[in-house]
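Single-structure report; data block below.
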Amino acid sequence: MKINYATRQLIRSSSRGYLSTSFDPKSFGAKKINVKQTFPYSTFTLTAFDYDLSPIVLLSKLSEHTTNISKDNLVSLMLCEEQKLYPYFPQFKKNPFNYEDPMSRPRVTLIGKLKITKNLNHKTRFLNRHPTSNLYANFSDMNFYRLDIIGAHLIGGFASVKWFSKKDLICNDFKNFQESENSIISHMNDHHKESIDLYVKKFIKGISLSLKKNWQLIGVDPDGFDLRKKDKVIRYCFERSVDNASKLRGVFVKLHKQASISQ
């Protein structure tokens with residue numbers, strides 16, 4: 001499997017990350033800090049992703065990191081594996097302990113320019129993924145930001161390291177996703193709940209029996225689709241990218257047939 005595609009799936013499956021900005025103490029005159037030079041400043045943030053893979057985050061302009069971004073919007077965003085992606089990043093076998101070392105699992109750091117976005121679809125995709133954010137997303141100090149990826153660094157586990165350029169990762173060749181996504185989500189959740197639960201039961205590994213029902217579709221992109229049950233988000237990864245959202249009906253029907261046969 002191509003490492004570029006595997007890394008895209010790792011990124012898209014993430015629901016949170018660690019944002020690092022450049023903190024200049026001179027921008028915070030009222031703060032008492034015993035450091036004079038600029039230093040890296042990290043913060044925890046929730047994440048969603050545009051169809052092309054660009055991260056979307058929600059930040060308050062009252063926070064330190066947004067002041068940092070206003071001075072220098074070159075940032076990094078570290079994402080760690082949340083859902084075990086063994087088909088893409090196999091389990092490290094040479095382990096004498098009954099414990100999987102987190103250092104053996106993949107993580108990726110994205111580097112790029114972070115800019116405010118007023119695209120309503122970015123807001124919708126983020127809130128579909130993180131519905132509790134509706135409680136504060138419309139506050140006057142809150143803004144959605146989109147990360148324009150410049151490059152990325154993957155640590156895919158022990159002795160597996162790769163740098164990527166933007167063109168290595170970004171998904172550009174797709175059509176009709178913005179126009180179709182919300183209707184696809186509504187249709188699947190309203191009329192095909194059985195199919196959604198069947199996908200989870202048959203295709204998503206590591207889900208306990210108690211969690212295999214009542215999932216909802218929350219997002220579709222060229223590389224797969226995302227599902228949520230309460231606070232748990234999981235992802236189904238397509239075997240290959242889908243270039244046109246008009247093909248998704250056939251994809252969902254095929255998956256249902258495959259899952260039904262395997263029962």
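The values are calculated or read from the model by the stated rules, or taken from the named source; none is laboratory data. All values derive from a computational prediction rather than experimental measurement. Note: ideal-geometry Cβ built from the backbone for every residue, glycine included; neighbour counts use all protein chains shown. Heads up: the accessible areas ignore ligands, DNA and RNA and are worked out on the full protein's heavy atoms, side chains in. Shrake-Rupley method; radii C 1.70, N 1.55, O 1.52, S 1.80 Å.
Select from L135, S27, I116 the residue farthest towards the positive end of the dipole of the chain; place +1 on Cβ of Lys and Arg, -1 on Cβ of Asp and Glu, and compute about the Cα centre.
Toward the positive end, the furthest listed residue is L135.
Give the lysines reachable from K113 as a straight Cα distance under 20 Å; neighbours fewer than 8 places away on the same chain don't count.
K61, K71, K123, K166, K167
DSSP loop (so not H, G, I, E, B), at most 16 other Cβ within 10 Å: list which chymotrypsin sites (Phe, Trp or Tyr not before Pro) in segment 1-85 pass both filters.
F28
At 1.4 Å probe radius, can you tell me the per residue accessible area of the chain in Å²?
Value for the chain: 55 Å² per residue.
Based on Cβ point charges of +1 for Lys and Arg and -1 for Asp and Glu, what charge dipole magnitude is obtained for the chain about its Cα centre, in debye rounded to the nearest 20?
Charge dipole of the chain: 360 debye, to the nearest 20.
For the chain, set up a Gaussian network in which alpha carbons nearer than 10 Å are linked by springs, and say which option among K162, K202, K93 fluctuates the most.
The residue with the greatest mean-square fluctuation here is K93.
Shape of segment 1-124 from its Cα gyration tensor (a ≥ b ≥ c, root eigenvalues): rounded if a/c is under 1.5, otherwise prolate when a/b > b/c, or oblate?
Oblate is the answer for segment 1-124, as a/c is 1.5 or above yet b/c matches or exceeds a/b.
If you bin the C-alpha pair distances of the chain every 10 Å from 0, what whole percents do you get?
Bin by bin from 0 Å, the calculated values are 6, 27, 34, 23, 8, 2, 0.
Once the Cα atoms of segment 113-263 are picked out, what are the Rg and Dmax in Å?
Radius of gyration, then largest Cα-Cα span, for segment 113-263: 17.3, 51 Å.
Run the numbers on segment 104-263 and let me know its relative contact order in percent, using alpha-carbon pairs under 8 Å that are six or more apart.
Over segment 104-263, the number comes to 20 percent.
Sorting check: for 139-146, 217-224, which peptide has the highest mean count of neighbouring beta carbons within 10 Å, and how do the rest follow?
For the peptides 139-146, 217-224, the packing ranking is 217-224, 139-146.
Quickly estimate the mean residue ellipticity at 222 nm for the chain, helices only: each DSSP H run with n ≥ 4 gives -39500 (n - 2.57), and the total goes over all residues, rounded to 500.
-8000 deg cm²/dmol
Compute the normalised compactness of segment 186-263: alpha-carbon radius of gyration over 2.2 N^0.38 Å, N being the residue count.
1.03
For the pair V253 and D101, what calculated FRET efficiency results from E = 1/(1 + (r/R0)^6), where r is the Cβ-Cβ distance and R0 = 41 Å, to the nearest 0.05?
The calculated FRET efficiency here is 0.50.
Taking segment 54-168 on its own, what percent of its Cα-Cα pair distances exceed 21 Å?
Across segment 54-168, Cα pairs with separations above 21 Å total 51 percent.
Within the accessible area of segment 118-249, what % is carbon and sulfur when the probe is 1.4 Å and the other protein chains stay in place?
49 percent
With charges only on Cβ, +1 for K and R and -1 for D and E, what is the dipole size of segment 183-236 about its Cα centre, in debye, rounded to 20?
360 debye
Taking all protein chains as present, what is the carbon and sulfur share of the accessible area of segment 1-72, in % to the nearest whole number, probe 1.4 Å?
Here carbon and sulfur together make up 52 percent of the probe-accessible area.
Mind pulling up the Rg/Rh value for segment 38-85? Radius of gyration and Kirkwood radius, both on Cα.
Value, to two decimals: 1.00.
Check the straight Cα-Cα distances from K93 and name the lysines below 30 Å, setting aside those fewer than 8 residues away within the same chain.
Of all the lysines, those that pass the test against K93 - Cα under 30 Å, at least 8 places apart if same chain - are K2, K84, K162, K201, K202, K205, K212, K232.
Roughly what % of Cα-Cα distances in segment 100-156 sit above 14 Å, to the whole percent?
The calculated P(r) of segment 100-156 puts 67 percent of pairs beyond 14 Å.
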